[in-house]
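Worksheet: one structure, shown below.
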Amino acid sequence: MIISKTPFRISLIGGGTDFPIYYKKFPGLVVGGTIDKYCYVSARFLPNVFKYKHRIVWSKNEVVKNNNQIIHPTVKAVFNHLKINKGLEIHYQGDLQKNSGLGTSSSFCVGLINSLKKLHNKSINKEILAKTAINIEQNIMNEKCGSQDQIWASYGGFNAIEFRRKSFKVKRLNIGKTKLSNLSKNLFLIYTGINKFSHIVEKDNIFKFDKNLGYLNKIYNLAKSFKHEIQNNNNLDFIGSILNEYWSVKKSLSNKVSNDKINEIYNEALKSGASGGKIIGSGGGGFLLVYCKQKYHLSLKKRLNKLPIIKFKFVKKGSEIIFKS
């Protein structure tokens, strides 16, 4: 049996410029990091004594006789891409719910590929792992998704990811432990209670690409400013204002990015002392991220006490194998 542990991610700024439709024409840039919330994928070979060939356990319990009977779209695509022929049992567990904007789908895809490669005694490096997941999600599954989530899950760390037409570069940002710790202390994830389906929002964004090009260019420039400030400014209070500006631009991409409930929660967070924030991921639901200075922490928690508030820390490691027998 193999068990992989793959982190979820917080994308702070730059989302949208990691889509091929954008970075194949213009440079893309995202800044963020992986966090101490994970998905776990276990994989083991099944003896051929069962009436089924594969068993896949997630929110459903699937037993199937061949790959094409698999319901879970990622598992089906990965099995077919890797030419899985021998019977397998797969289990998925996650620290946070899916469809929450934290890159959970891509983390699962990366973790599954990593587990299956190790189960078959094959090595795979971070770059190939990320590129394989990107190819499966974008080209085989035809998902309307960007390219950052698969890279975060594979590489881990607090990084700037630069996209060019045919390549990407992962650059660890020059930030000390104290600054990174202070950053995570002042960031809060607030669960909106709305399950999101990113492909709906992203399909709308892509359809309006020409109209949104100016907004995406603004997002790229904001990401460049954020990258410079986070490395050179010891006072992190700029984060709230730049996230607030980013959120304003992001909402211009599509009327599906936000809604009345998200706006209400965001405004309540600002009234309690948060200086800015944004929805995590494509929008429409999931988690809202806000930056709030320490002196306002209690006020924020009291005002939003009916909503789940999640604290997190940034972590260095990407997908890793934590058990083999």
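Brief remarks on what is shown
- Residue of Tyr296, Tyr40, Tyr191 that the Gaussian network model of the chain assigns the largest fluctuation, springs spanning Cα pairs under 10 Å: Tyr296
- Principal-axis analysis of the Cα atoms of the chain puts helix 126-135 at an angle of about 90° to the longest axis.
- Overall, the accessible surface of the chain at a probe of 1.4 angstrom is composed of carbon and sulfur to the extent of 48 percent.
- Taken per residue, the accessible surface of the chain reaches 46 Å², heavy atoms only and a 1.4 Å probe.
- Sorted largest first, the principal axis extents computed over the alpha-carbon atoms of region 1-129 equal 52, 30, 26 Å.
- Listed by chain and number, the aspartates and glutamates placed with their C-alpha closer than 18 angstrom to that of Lys83 are Glu137; residues fewer than eight positions away on the same chain are left out.
- Packing, as the average of other Cβ atoms within 10 Å across residues, places the peptides 242-249, 15-22, 316-323 in the order 15-22, 242-249, 316-323, highest first.
- Over 24 Å between alpha carbons, listed pairs Lys117/Lys177; Lys118/Lys316; Lys37/Lys118; Lys144/Lys179: Lys117/Lys177; Lys144/Lys179
- Estimated inter-spin distance, Ile310 and Lys171, nm [label 7 Å along Cα→Cβ]: 2.9 nm
- Expressed per residue, the C-alpha convex hull volume of region 156-281 stands at 132 Å³.
- Summed side-chain charge close to Phe323 - residues other than Phe323 whose Cβ falls under 12 Å, Lys, Arg +1, Asp, Glu -1: +3
- Degrees, to the nearest 10: 260-271 long Cα axis against longest axis of the chain: 50 degrees
- Fully extended contour minus Cα-Cα distance, from Ile140 to His120, at 0.36 nm per residue: 5.0 nm
- Inter-label distance for Lys24 and Asn66, nm, one decimal - labels placed 7 Å from Cα along Cα-to-Cβ: 3.3 nm
- Degrees separating the helix 238-253 axis from the principal Cα axis of the chain, which is the longest one: 70 degrees
- Rounded to the nearest 10 Å², the accessible area of His297 at probe 1.4 Å: 30 Å²
- C-alpha center-to-center spacing [region 298-312, region 224-244] in angstrom: 24 Å
- Report summary: the helix-based calculation at 222 nm, which adds -39500 (n - 2.57) for every DSSP H run with n ≥ 4 and divides by the residues of the chain, gives -12000 deg cm²/dmol.
- Extension gain, Lys302 back to Asn85 (0.36 nm per residue minus Cα-Cα distance, nm): 72.7 nm
- Placing a label point 7 Å from the Cα of Ile322 along the Cα-to-Cβ direction, the residues of region 124-157 with a backbone N closer than 17 Å are 153-157.
- Two-decimal ratio, region 94-168, of alpha-carbon radius of gyration to 2.2 N^0.38 Å: 1.09
- Label-point gap, in nm, between Asn235 and Asn48 - each point 7 angstrom along Cα→Cβ: 7.1 nm
The values are calculated or read from the model by the stated rules, or taken from the named source; none is laboratory data. Bear in mind the structure is a predicted one, so any value in this text is a computation, not a measurement. When we count neighbours, we look across all protein chains shown, and the Cβ atoms used for this are built from the backbone with ideal geometry, even at glycine. Heads up: the accessible areas ignore ligands, DNA and RNA and are worked out on the full protein's heavy atoms, side chains in. Shrake-Rupley method; radii C 1.70, N 1.55, O 1.52, S 1.80 Å.
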